[in-house]
Amino acid sequence: MNSLQKRILIDGKVLPGNILKVDSFLNHQLDIHLLKEMGKDFYDLFRDKEINKILTIEASGIAIACYAAEFFNVPVVFAKKGQHKNVGTDVYTAEVFSFTKGSTYEVTVSKLFLHPEDKILIIDDFLANGQAVLGLQQIIKEAGAELCGAGIAIEKAFQPGEKLLLDAGIDVRALAVIESMDGCKVVFRD
Ligand code: 5GP
């Protein structure tokens, strides 16, 4: 069992609606030692892919992506949510349905920061229905860049995201794969 999995068992809280709350170490307060270990774990999983850029979505993906980026020694680009005047009009956009909010939002990345020669790793905190990663994949396609994989901190394998991403040809790997949260008990895949 890795450090993230151990921490989920100690401090994760299962909420109604299949939501896992990890605010005390990953989503609000940040445990920097854990984040550093996770960054190294992502590097070990994708080190052979010649990644030159990491793409994530604000806000919860950013810290995780930055720690991973330090090991890859590459920049991080984060997609902004909603309409942003200061991003400019020369942007890539995609629609994303939010599992936690139950509504659709737009994600935007400036064309200045994604290029056809880029080999991109997506990093995000959770994989539930796969919509966030599919939105980022669409943006990467628009940019003509290559998506090399998706590194997810916590995957809820009982939701459809993993299958959708594998069907979309994405090499998706997660540090903590949760098989079930029935009765508020977190059970990991071996
Ligand atoms: P998806 O697009 O895969 O349906 O959902 C991914 C996004 O929804 C993540 O970026 C994360 O912010 C949020 N999310 C999904 N499930 C959970 C959860 O169980 N707990 C928390 N804290 N966020 C979640």
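Each reported figure results from applying straightforward, stated rules to the coordinates on display, with no laboratory input. Everything numeric in this text was worked out from a predicted model, so none of it was measured. Neighbour counts run over all protein chains shown; Cβ positions are idealised from the backbone, glycine included.
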Where the only charges are on Cβ atoms (+1 Lys, Arg; -1 Asp, Glu), what is the dipole of the chain about its Cα centre, to the nearest 20 debye? 380 debye
Averaging 1/r across every pair of distinct alpha carbons in segment 13-81 and inverting yields a Kirkwood hydrodynamic radius, in angstrom, of 12.9 Å
Can you tell me which of 58-64, 149-155 comes out highest on packing, and rank the rest after it, using the mean Cβ neighbours within 10 Å? 149-155, 58-64
For helix 60-72, report the angle its Cα long axis makes with the longest principal axis of the Cα atoms of the chain; keep it between 0 and 90° and round to the nearest 10°. 80 degrees
Most exposed first, judged by fewest Cβ atoms within 10 angstrom, 1, 38 run 1, 38
Kindly give Rg over Rh for segment 90-183, based on alpha-carbon atoms, with the Kirkwood expression for the hydrodynamic radius. 0.99
0 to 90° range, to nearest 10: angle between helix 32-46 axis and the chain longest Cα axis: 70 degrees
Over the Cα atoms of the chain, what radius of gyration and what Dmax do you get, in Å? 15.8, 48
So what's the angle, to the nearest 10 degrees on a 0 to 90 scale, between helix 131-143 and the longest Cα principal axis of the chain? 20 degrees
